[in-house]
Amino acid sequence: MRPKRGRWYLRPVRTPSRRDLLAALAATAAPAATGRAPGEPAANLSRRSSSVRLERSVDAIGQDAYTPLQELSGAITPSDLHFSRNHFGTPRLDAEGYELVVHGLVDRPTAFSLEDLKRMPSRCATYFLECAGNGAGAFHHPRPTMSPQYIDGATSNSEWVGVPAAFVLRQVGVASDASWMLAESHDAGRYARSIPLAKAYDDALFAYAQNGEPLRAEQGFPLRLVLPGWEGSASIKWLRRVELLSRPAMTRDETARYSDVALDGAIHPFTFVMGVKSIITTPSYPEVLLPGWREIRGLAWSGHGRIARVDVTTDGGATWRAAELDPPVLPKAHTRFRLAWSWSGEGATLMSRALDERGNAQPTLEEFRADRPAGNDYHNNYIRAWRVAADGRVAFASGC
Amino acid sequence: MLTGSTSRTRTRFTSRTVFVLAVLGVACGKRSTHGAADEHVLASLTDAGATAYGLGRPVMPEEVRALGSVIFPDGTGLPAGSGTALQGEVVFATRCAGCHGPSGVGATGPRLVRARSVALGYRIGRPAPGEPPATFADFYPYATTLFEYTRRAMPWNEPGSLGDDDVYALVAYMLWLNGLVARDAALDARSLPAVAMPARTRFREEDPPQL
């Protein structure tokens, strides 16, 4: 708009934008009359409220970080709170120049860029990851002052997007005598595991996205293996190469680690599936309860498939009731369960017991102990108990 | 046709023309959208379909060699070189003892030598009740596993920095500390796989993997 000549006072120096107007209003607004003033302008990243404190707990040597299960609602773990464990720190890789090399017993050894992988048919699914050793601390040295984060914080649940490993393998042409796939990481120690080819062709993903965005560095940016339902250590992060083999490589991390010792002393290296498991996340340590109605809530999962049922007891196992399962109940994913409960103010013992669609039942601690040597570190899926004292304090009670 | 002819009655346009349009529409739909969906699904399920995507670049044999490859229990993949426990003792003192302790008794890093009594430090094995914690000597099924791990992952703060002769020497030293090889025995690609590890008979790797 051009002002008429001479009316200099109508000539704008600069047309103010809407952002300028909002900022000016916010800056000059006086709260005196109503006590209200406009809030902050929109920022490019939303933030948690300053009154919300959510963190992973990190172990003394900076190797493991655990999800605060008792602080979360719903079944999806916020990406920055996903647990992690690694042996040589988190490498910071660039997407530019990154290649996944697939070689070995294949017709066409090939290097795929991230763009190549993202152009391929994709799969989007929600899966839990759980460390094989989740719960080992609570098994070896149980204490009443253990929270769900401390007991079972090495499990999280995310929506993963990636290309099916089967599709990538079909592109390179797998030789008929190949039966194993070695997956190796870019971490400093070149962590590597042998994966049976049947799993690769089943539901294995080369994943590049988690909860809607590219993988975080801690979860394996730019590409990781996701083996639904299997111990987390086999879902190699920071994938470097995949080599097709006719026999397992017997690396250090599938022999000296992540192998299971049986009662007769035999060592079984290929025990991949995480068993059916559940934990009540509230009430839990360190809560202090008031008498009256509340909802018992928790998470249940199984590496074999869907959760079929979760039973909850509040009287130490004398009686059990089926909890509600929040839909969708997905295979190999955390499932939220809940049960309304009125606490009388007297001592109570709470437990949850999960059953999966394959008929696997979560074992009691006694059943678990009878089945494993005392030195067992892995697959700790027995029933977790919480003791509510008369003063309302909640304490971990399994083996304490 | 789509706009119809004003000479036709409303009923005739509605019934016959719409019918013809519907048939054509379904047929067109099948060719354009259903066909494309079929190809997409097919591509995920067959070698031919997947290969047709034509993505990725071929890797040259020298690139594959540079990536490194598996060292198998039977010795396939072991590099050239050799070393004895005598030589390894020197390397250990300078490159390993800082974390693993003098003579491998353990410190911030795992204990490497079998304990005479209940041991201190990080436990890597699964002892029977009353037994001292195990070391690699009690738990590794193959000596080659110790080689492949030391070569790619050690020392912890500078992994992969040891030469192959040094790795053979260190492995020989660690095996000698545990009474599994002679102090002056030279380990190489031929003799290393032949070392019998006590845990070998405990492993059930031939069991079908639990899927």
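Residues considered: B:Gly125, B:Gly160. Of these, the only one that is modelled with pLDDT under 90 and either facing chain A (nearest Cβ under 8 Å) or part of a loop (DSSP other than H, G, I, E, B) (or both) is B:Gly125. Residues of region B:177-211 that are touching a residue at least 60 places away in the same chain (Cβ under 8 Å), within 11 Å of chain A (Cβ to nearest Cβ) and in a helix (DSSP H, G or I): B:Ala199, B:Arg202. The single condition from (1) over 30 Å from A:Arg216 (Cα atoms); (2) in contact (Cβ under 8 Å) with a residue 12 or more places away in the chain that A:Trp230 fails is (1). Among the residues making up region A:167-183, those that are within 23 Å of A:Gly303 (Cα to Cα) and either open to solvent by 10 Å² or more (accessible area, probe 1.4 Å) or more than 11 Å from chain B (Cβ to nearest Cβ) (or both) are A:Ser179, A:Trp180, A:Met181, A:Ala183. Could you give every pair whose Cβ atoms fall below 8 Å, whose first residue belongs to region A:171-187 and is of a type in the set (Phe, Trp, Tyr), and whose second residue is open to solvent by less than 30 Å² (accessible area, probe 1.4 Å), counting only separations of at least 6 or pairs across chains? Listed pairs, sorted by first residue: A:Trp180/A:Ser194; A:Trp180/A:Ile195; A:Trp180/A:Pro196; A:Trp180/A:Leu197; A:Trp180/A:Leu244; A:Trp180/A:Leu245; A:Trp180/A:Pro248; A:Trp180/A:Ala249.
Table: residues versus (1) in contact with a His (Cβ under 7 Å, 6 or more places away or on another chain); (2) at pLDDT below 95.
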| position | (1), (2) |
| --- | --- |
| A:Leu227 | no, no |
| A:Trp230 | no, no |
| A:Ser233 | no, no |
| A:Arg240 | yes, no |
| A:Val261 | no, yes |
| A:Asp264 | no, yes |
| A:Gly275 | yes, no |
| A:Ala300 | no, no |
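Which residue is nearest to A:Leu365 (Cα to Cα), if the candidates are limited to region A:311-349 and must be free of Cβ contacts under 8 Å to residues at least 12 places away in the same chain and over 26 Å from the mean Cα position of the chain (by Cα)?
It comes out as A:Ala318.
Annotation note: of B:Val167, B:Val195, the sole residue that is touching a Lys or Arg at 6+ places or on another chain (Cβ under 9 Å) and under 18 Å from A:Arg252 (Cβ atoms) is B:Val167.
Selection of region A:317-358 for residues being farther than 22 Å from A:Gly292 by Cα and of a type in the set (Val, Ile, Thr) yields A:Val329, A:Thr335. For region A:203-225, the criterion of being facing chain B (nearest Cβ under 10 Å), open to solvent by less than 20 Å² (accessible area, probe 1.4 Å) and not in a strand (DSSP E or B) is satisfied by no residue at all. Considering only region A:343-373, state which residues are among the hydrophobic types (A, V, I, L, M, F, W, C) and surrounded by 13 or more Cβ atoms within 10 Å (Cβ to Cβ). Result: A:Trp343, A:Ala348, A:Leu350, A:Met351, A:Ala354, A:Leu355, A:Ala361, A:Leu365, A:Phe368. A:Ala361 fulfils the conditions (1) under 25 Å from A:Ala266 (Cβ atoms); (2) without any contact (Cβ under 8 Å) to a residue 60 or more places away in the chain except for a single criterion, (2). Within region B:64-87, the set of residues being open to solvent by 70 Å² or more (accessible area, probe 1.4 Å) and in contact (Cβ under 8 Å) with a residue 60 or more places away in the chain comprises B:Asp74, B:Ala80, B:Leu86, B:Gln87. Here B:Ala93 clears all of (1) more than 14 Å from every other protein chain (Cβ to nearest Cβ); (2) small (Gly, Ala, Ser); (3) in contact with a His (Cβ under 9 Å, 6 or more places away or on another chain) except the condition numbered (3).
The values are calculated or read from the model by the stated rules, or taken from the named source; none is laboratory data. Bear in mind the structure is a predicted one, so any value in this text is a computation, not a measurement. As a convention, Cβ positions derive from the backbone with ideal geometry for all residues, glycine included, and neighbour counts pool all protein chains shown. Surface areas here come from the heavy atoms of the whole protein model, side chains and all, with no ligands, DNA or RNA. Shrake-Rupley method; radii C 1.70, N 1.55, O 1.52, S 1.80 Å.
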